[in-house]
1. Return the residues of the stretch 1-38 that are in contact with a strand residue (DSSP E or B) (Cβ under 8 Å, 6 or more places away or on another chain) and farther than 20 Å from Gly193 by Cα; say none if nothing qualifies.
2. Do the conditions hold for Lys44, that is, is it of a type in the set (Lys, Arg) and either without any contact (Cβ under 8 Å) to a residue 60 or more places away in the chain or more than 16 Å from the ligand (Cβ to nearest atom) (or both)?
3. Among helices (runs of 4 or more DSSP H) lying entirely in the stretch 102-194, which contain 2 or more residues that are surrounded by fewer than 22 Cβ atoms within 10 Å (Cβ to Cβ) and within 13 Å of the ligand (Cβ to nearest atom)?
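The numbers here are math on the coordinates, done by the rules we state, and not lab data. The model shown is predicted, which means the values in this text are computed figures rather than measured ones. Cβ placement follows ideal geometry from the backbone for every residue including glycine, while neighbour counts extend to all protein chains displayed.
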Amino acid sequence: QPAALVAVSKTFAADDIRPVLQAGQRVFGENRVQEAEAKWPGLKAEFPGVELHLIGPLQSNKAADAVALFDVIQTVDREKIAAELAREMKKQGRAPKLFVQVNTGLEPQKAGIDPRQALAFITRCRDVHGLAIEGLMAIPPADENPGPHFALLAKLAKEAGLSSLSMGMSGDYETALAFGASHVRVGSAIFGGR
Ligand SMILES: *Cc1c(COP(=O)(O)O)cnc(C)c1O
């Protein structure tokens, strides 16, 4: 299975995204629910087969909107969000695929669960909330060699029995692929600088 390219279209307008859709790309990532709601319902209607990934932090008051719009939510990282997503998925009869975000660098300002708690959290997602977790996602610290972070994420996924690994951005996707990424999230290398 080749890795999937998630084209990260955050900050770009529908008119900038359309040419990428016309070129055949169908997998996209956005990091804000509200911004995505303004662009994607129209683009999804225009271009069948779009798979939209939420790659930014999710607030619990946006869980309903996220479940309604996104096909994959990559940023499940705490109990409250897991509970809220489970409730909304049941209510809406929708089942976006879910990834757990791991804060591999233990950065206080960054979303994601502490890697030491990741396995227990994944188990609780399954057993307490009834959520099937598909994979893991991480954003390594900007100023560090990403390799050890990708290796840690791959190790955790293996221990949890998960096959999907979302890691790697414009600057480091080749390294991420070498560490087994199943999804790379590439923005500026496709759309230009933000
Ligand atoms: C913006 C963003 C990306 C894409 O970053 P680029 O450096 O533009 O490729 C990837 N992942 C997340 C979580 C992002 O917020």
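1. Looking only at the stretch 1-38, we keep the residues that are in contact with a strand residue (DSSP E or B) (Cβ under 8 Å, 6 or more places away or on another chain), and these are 3-10, 17, 20, 25-31, 33, 36.
Hits for the stretch 1-38 are Ala3, Ala4, Arg26, Val33.
2. Numbers: of a type in the set (Lys, Arg): yes; either without any contact (Cβ under 8 Å) to a residue 60 or more places away in the chain or more than 16 Å from the ligand (Cβ to nearest atom) (or both): yes.
Yes: the conditions hold for Lys44.
3. Working: elements: 118-127, 147-160, 173-178, 188-191.
Once the helices (runs of 4 or more DSSP H) in the stretch 102-194 are filtered for at least 2 residues that are surrounded by fewer than 22 Cβ atoms within 10 Å (Cβ to Cβ) and within 13 Å of the ligand (Cβ to nearest atom), what remains is 173-178, 188-191.
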